[in-house]
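Notes for the one structure printed next.
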Amino acid sequence: MLLDLFRATLLLICIYTARHYWFTLNRLFGQQRHPYVDVETADWPAVTVLIAAHNEEAVVADILKALLEVDYPAEKLAIVPVNDRSTDRTREIIDEFVERYPRIEPFHRVGGKPGKAAALKDAMERVNTEVVLIFDADYIPGRALIRNLVSPFFDPEIGAVMGRVVPLNVGKKLLTRLLDLERSGGYQVDQQARMNMHMVPQYGGTVAGVRKSALDEIGGWNENALAEDTDLTYRLLLAGWKTAYENRAECYEEVPERWPVRVRQIMRWAKGHNQAMISYLIKTARCGSLSWLERIDGVLLLGVYLMGPVLLWGWLLAVVLFYTGVEIGGGLTVLALGVFTALGNFAAFFEIAAAVRLDGSRQRIRLLPLTLFGFTVSLISVSRAAWQQLQDSLFGSAELVWHKTERSRTAPVLKDSPLPVLEEVR
Amino acid sequence: MSFWAPLALAGTTAALAALPVVPALYELRKRNDAAPLPTSRHDGKVTNFADALRAKLEPLRPKLEQCRRNCEVSRVGLEAMNVLLVGCEGFDFDPSQMQGIAAVMCCQDVTVPAGKVLEADFCVDATLELGEGTVIRSALAAGNITLGKRSAVTRWLHSNGTVYLREWSSVYGRLSAAESIYLEPGCSFERVHAPVILTSTGAGPVSGGSVSALSPETTAEVNAPSGKDQMLYSHPRIRVEGNFSLPASEIVNANVVATGEARFARGSCFFGNVKSYRDTIVEEDARVHGSIVCGGAVHLGRGCFVAGPLMVEGDVVMDPGSSVGAPHALTTLSSQKMKIAAGCRLHGTVWPRANGIVES
């Protein structure tokens, strides 16, 4: 019995290892797809940009300044800061902008259910454009970003689009440097490889866009979802809409600078993702309108946060089997174990190394051994999140609670320039 | 066993284990590569190179004016490069005078004699004409630019007026004009932008003349929908498992996703956006008032019209008389390779990722 469990665990780990290698090799040697990147001139549609802001006094001015500078027809761009029950100076700062720039149309939300999805749901009632872009308040879009995110919507199959997130406060701490590497791997390799191979690029909830008619078709934002982005990706997918990833639509974000903030963030992601897995795993696996590749990738993507506890379980089992003297046996098991020990342990790090190379940076690759530390923290955090969820479901607790990620920026970084004064954020 | 043996083993093992971390700790401390990754600052403006050259040479304008008054040619230094200021007409770009020259600034009409190969950027206040077989690096002109037969520009070319590319000439890099661009048979290009881009037979009156006079045959865009209708959201979305075919002379309002080919038969009219996983064929005189997204190749038949944009992962072939975009609604046509027949008309940006050619 234990041996069978061990074999199953090993198989799962090998599948995810192969997935890492497949994505990485595709990015290094495969054909790259950027089908929408060349659209420079077009009759651009009207767009609404929603900025989700809950107590964002330190950062909201930056994104408003940056959005006022973007290269998109002003008459077709509605900027809507969604001030969700802020208790700091967020409202005041937004109103100062509105006074100076009447094209900003604020939505001050004073009540209702907490959480980003609930705030966006309320804000959507005011939206009358077909394309809606969503940013968190700590993001700083570049001049061409709006056009990059809008161009995929000329494709009638696209329901959502996702841009690339680039950490701004990289040089601050060990954590920010590790997150910079992790983000590179996630976007430069994972997301783009999925785009290349017609799989399931993930809508990430910020630096992202959604087609309003598609959203209406699937019933709008799910305010009960802890990860509204993953939830939306799968609901769109099952309804026949695709998500496009735009690797060149890059946008700066602020990553957590303190470990407790990071742990809370990843636990929230893990819980939300697992929640989506429970809702959509079977439906995705059985959805006849999806290609086999989409189904496999969709299922594996849903299970990605479950691999933390699976890995811990595998280690525990290995120790137990060793000390109980059970024969592992079977050529295939031994081969799988050997292959995993030789190659599998390095799959995720290989992916990060490839991403850093693709990004063209030279020195930061030296930090690669330290990602083991970040990996360990994430492993424990996602396992803890899964354990808490299991307890909640068994002993009936608790509504899922949404934790806003704490900001480290204390003042705006944008001066007159639309792009960040990079020296000041190092 | 010596007392030191286990200590030595432990020490050596710890040192070996720490070895891979040393560069990491060094980088963490020194922060040599700790700046945020540069994000794209590309604003999509096709004239960026031309604007940069103009701005760079602007400080030399008083000297150029002086050359014009004295009707002389002068060699000056600017930021470690040599610039030739041409203040008179009829300069013959003699190799001895062009030695080491990185840029040429002219205030009058310029004609580069046939067969010259000049590794220089040109900034011309009037018109620029390149003789047959001429090669230059790049050029910006306030007036029209004409490239003679089999001439080439290796980097970019921009005119504030009109650009004429005679037979078998090539522009590698950006080719743009504020008004229009005429491409004759055999011309090759990479990225082209102008409100009007016409491929001509080469037999017509290329220099001078108005756009409409040169392209009377293509009027399909006259009835194109206005800008706000381009994405046509209100139309139903239809998913077709397999091939989609719109019969001849039919009119349909829909957004269509076809997992096979998409075909618009002769004279049909389609209002909406279409995506095909495989090839798309727009037959003679058919009209697509919306975008085409294609995983395969696109064939635009004689006299057909597509509002655009067209995002094609394969190649594009345009038959005579076909047109893309409209003067009031510029668009983008992007593909891997592109083959355009004479007599086609495009509005906006044409971007073959590999290469584009006008059929000879």
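The values are calculated or read from the model by the stated rules, or taken from the named source; none is laboratory data. All of these numbers come straight from a predicted model, not from anything done at the bench. Glycine gets a Cβ as well: all are built from the backbone with ideal geometry, and neighbour counts include every protein chain shown.
For this structure, a couple of remarks:
- Filter pass, A:G185 being touching a residue at least 24 places away in the same chain (Cβ under 8 Å), more than 8 Å from chain B (Cβ to nearest Cβ), in a helix (DSSP H, G or I) and among the small types (G, A, S): yes
- Residues of the range B:301-312 classified as in contact (Cβ under 8 Å) with a residue 40 or more places away in the chain and either more than 9 Å from every other protein chain (Cβ to nearest Cβ) or among the acidic types (D, E) (or both), total: 3
- Exactly one residue among B:L19, B:L9, B:L60 is more than 7 Å from chain A (Cβ to nearest Cβ) and at pLDDT 90 or above, and that residue is B:L9.
- Residue count for the range A:36-72 under the criterion of being facing chain B (nearest Cβ under 10 Å), touching a Lys or Arg at 6+ places or on another chain (Cβ under 6 Å) and of a type in the set (V, I, T): the result is 2.
- Failed item, numbered, when A:D155 is tested on (1) closer than 26 Å to B:E313 by Cα; (2) free of Cβ contacts under 8 Å to residues at least 12 places away in the same chain: (2)
- The single condition among (1) surrounded by 17 or more Cβ atoms within 10 Å (Cβ to Cβ); (2) in a loop (DSSP other than H, G, I, E, B); (3) of a type in the set (G, A, S) that B:A103 does not satisfy is (2).
- Any hit, the range A:155-173, residues being in a helix (DSSP H, G or I) and in contact with a strand residue (DSSP E or B) (Cβ under 8 Å, 6 or more places away or on another chain): no
- If the condition is being buried (at least 18 other Cβ atoms within 10 Å of the Cβ) and assigned to a loop (DSSP other than H, G, I, E, B), then the range B:278-294 contributes B:D279, B:E283, B:D285, B:A286, B:G290, B:S291.
- Across the range B:338-356, the number of residues qualifying as surrounded by fewer than 19 Cβ atoms within 10 Å (Cβ to Cβ) and modelled with pLDDT under 95 comes to 3.
- Among the residues listed as A:D88, A:D84, A:D95, the single one being among the acidic types (D, E), away from chain B (no Cβ under 14 Å), touching a helix residue (DSSP H, G or I) at 6+ places or on another chain (Cβ under 7 Å) and over 30 Å from A:A318 (Cα atoms): A:D84
- The set of residues in the range B:318-344 that are more than 14 Å from chain A (Cβ to nearest Cβ), in contact with a helix residue (DSSP H, G or I) (Cβ under 8 Å, 6 or more places away or on another chain) and of a type outside the set (S, T, N, Q) is empty.
- For the range B:205-213, the condition holds for no residue, the condition being that it is modelled with pLDDT under 95, touching a Ser or Thr at 6+ places or on another chain (Cβ under 8 Å), within 12 Å of chain A (Cβ to nearest Cβ) and assigned to a loop (DSSP other than H, G, I, E, B).
- Counting only helices (runs of 4 or more DSSP H) that sit wholly inside the range A:319-426, those with at least 2 residues that are at pLDDT 80 or above and away from chain B (no Cβ under 14 Å) are A:347-359, A:371-395.
- Only one entry of B:G267, B:G290, B:G272 meets the criterion of being over 17 Å from B:V312 (Cβ atoms), within 9 Å of another protein chain (Cβ to nearest Cβ) and either small (G, A, S) or out of contact with any Phe, Trp or Tyr (no Cβ under 7 Å at 6 or more places or on another chain) (or both), and that entry is B:G272.
- Within the range A:188-212, if we keep just the residues that are among the polar types (S, T, N, Q) and part of a helix (DSSP H, G or I), the residue that is surrounded by the fewest Cβ atoms within 10 Å (Cβ to Cβ) turns out to be A:N196.
- Single match in B:D315, B:D285 (criterion: more than 26 Å from the chain's Cα centre (by Cα), closer than 28 Å to B:L183 by Cβ and either among the aliphatic types (A, V, I, L, M) or away from every other protein chain (no Cβ under 12 Å) (or both)): B:D285
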